[in-house]
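Colleague: Shown below is the structure under consideration.
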Amino acid sequence: MMKEASDIERRREKEREMGCIVNLNSAATASLRLPTPTEGDKKERGFCCFPRRRHHRRHHQFRPPSAPTATNSRSHSLTVTNEALNVMISGAPASGKGTQCHLIADKYGLVHIAAGDLLRAEIATGSENGKRAKQYMEKGQLVPDEIAVMMVKDRLLKPDSKERGWLLDGYPRSLSQATALKGFGFEPHTFLLLEVSEDLLVERVVGRRLDPVTGKIYHLKYSPPETEEIAARLTQRFDDTEEKVKLRLNTHHQNVESVLALYKDITVKINGNVSKEEVFAQIDSVLSSLVEQRKAASGSVVA
């Protein structure tokens, strides 16, 4: 009996050390109670205490915007910092516009875009716009503005036009075309208008001749053929008559007036009654001045 009492006492002592008390009055109803340990018990018995996690409000720290890079920024001052010129030029038939376009493109490196040449090229390559235009031309109908505008728009969006600048030759021809281009975001820096007297225009057109073999254009007064053989085979366009040219001039003047309403603030009138060298000198003065202004503006933006 004494041994059993001793064993029970030792067990109770061990249970007290473990921090639990077992009611042994009845084996069937034995219960276990886990007392809440005190801070002293925790330190003495080596409790591991895991601190309660507190949720703090997250305060978003202000971060200044990063410097723009080539991939994440779009310049809103492209027309100021880019020194490439965008030029429109208009002139009546036989005003010398084609000659001046070649001189401008050669000196300033602009992409020369003529709507007529563009139309023929689109048809030759069989593009979607070219196919649509061909359907109208085969029926003897005029190509609708919407097709011509899309052709011009696609050409102006090409990389060389954006990088080098463009020279739009004889286009737009109507207010609707000009409005459509403006709607697409194409704005010229200047609109050059070649002014030539009607009498001189009629003389230039009526005296014009074509060599069907070489495709070269001659003029009986200003640029006569080199030989009698060439002169003998020259032909005249059916609409290069005084009556027809005056009708064309009247249509041209009406169209130009409507277009000028949109570009009146940037229109520069060029005297086209003088030699081609003198005409280009006027144009060169206008364009070189524009280039200098844009360089100065680009420098001020960078600074």
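Colleague: Could you put 216, 162 in order of accessible surface area, largest first, with the 1.4 Å probe and the full protein assembly present? Walk me through the numbers before you get to the answer.
Modeller: Values: 216 90, 162 120 Å².
Output order, biggest surface exposure first: 162, 216.
Colleague: Would you work out if region 91-135 is rounded, prolate or oblate? Take a ≥ b ≥ c from the square roots of the eigenvalues of the alpha-carbon gyration tensor; rounded if a/c is under 1.5, else prolate when a/b is larger than b/c, oblate otherwise.
Modeller: On the way: a/c = 4.45, a/b = 1.91, b/c = 2.33.
Note, shape of region 91-135 comes out oblate.
Colleague: Probe 1.4 Å, all protein chains in place: accessible area of residue 102 in Å², nearest 10?
Modeller: Its accessible surface works out to 110 Å², give or take rounding.
Colleague: Ordering 117, 154, 211, 265 from largest to smallest accessible area (1.4 angstrom probe), what's the sequence?
Modeller: Numbers: 117 85, 154 65, 211 0, 265 140 Å².
Solvent-accessible surface, decreasing: 265, 117, 154, 211.
Colleague: Shifting gears a bit: Over 30 Å between C-alpha atoms is what I'm after, so list which of 131/246; 107/139; 139/244 land there. Mind showing how you got there, number by number?
Modeller: Details: 131/246 33 Å; 107/139 41 Å; 139/244 23 Å.
The pairs that break the limit, which is 30 Å between Cα atoms, are 131/246; 107/139.
Colleague: I'd like the accessible area for residue 206: 1.4 Å probe, protein heavy atoms, all chains in place, Å² to the nearest 10.
Modeller: The accessible area comes out at roughly 50 Å².
Colleague: Let me cross-check residue 199: its accessible surface, 1.4 Å probe, with only protein heavy atoms counted, in Å² to the nearest 10?
Modeller: 130
Colleague: Explain nothing, just the number: dipole magnitude of region 242-303 about its Cα centre with +1 on each Lys and Arg Cβ and -1 on each Asp and Glu Cβ, in debye rounded to the nearest 20.
Modeller: Details: 8 positive and 8 negative charges, 33 e Å.
Computed about the Cα centre, the dipole is about 160 debye.
Colleague: Pop a pseudo-label 7 angstrom from the Cα along the beta-carbon direction at both residue 271 and residue 242 and give the gap in nm to one decimal.
Modeller: For residue 271 paired with residue 242, the spin-label model returns 2.7 nm.
Colleague: Could you sort 208, 294, 132 by their accessible area in this structure, using a 1.4 Å probe and putting the largest first?
Modeller: Details: 208 55, 294 25, 132 85 Å².
Ranked from most to least accessible, the order is 132, 208, 294.
Colleague: If I model a spin label as a point 7 Å beyond the Cα along the Cα-Cβ vector, how far apart are those points for residue 136 and residue 197 in nm?
Modeller: In this crude spin-label approximation the distance works out to 3.8 nm.
Colleague: Under 18 Å from a label point 7 Å along Cα→Cβ of residue 232: give me every residue in region 196-212 with its amide N that close.
Modeller: Under 18 Å, as judged by backbone N against the label point of residue 232, lie 210-212 of region 196-212.
The values are calculated or read from the model by the stated rules, or taken from the named source; none is laboratory data. All values derive from a computational prediction rather than experimental measurement. Positions of Cβ are backbone-derived with ideal geometry, glycine not excepted, and every protein chain shown enters the neighbour counts. In case anyone asks, the SASA skips ligands and DNA or RNA and just uses the protein heavy atoms, side chains included. Shrake-Rupley method; radii C 1.70, N 1.55, O 1.52, S 1.80 Å.
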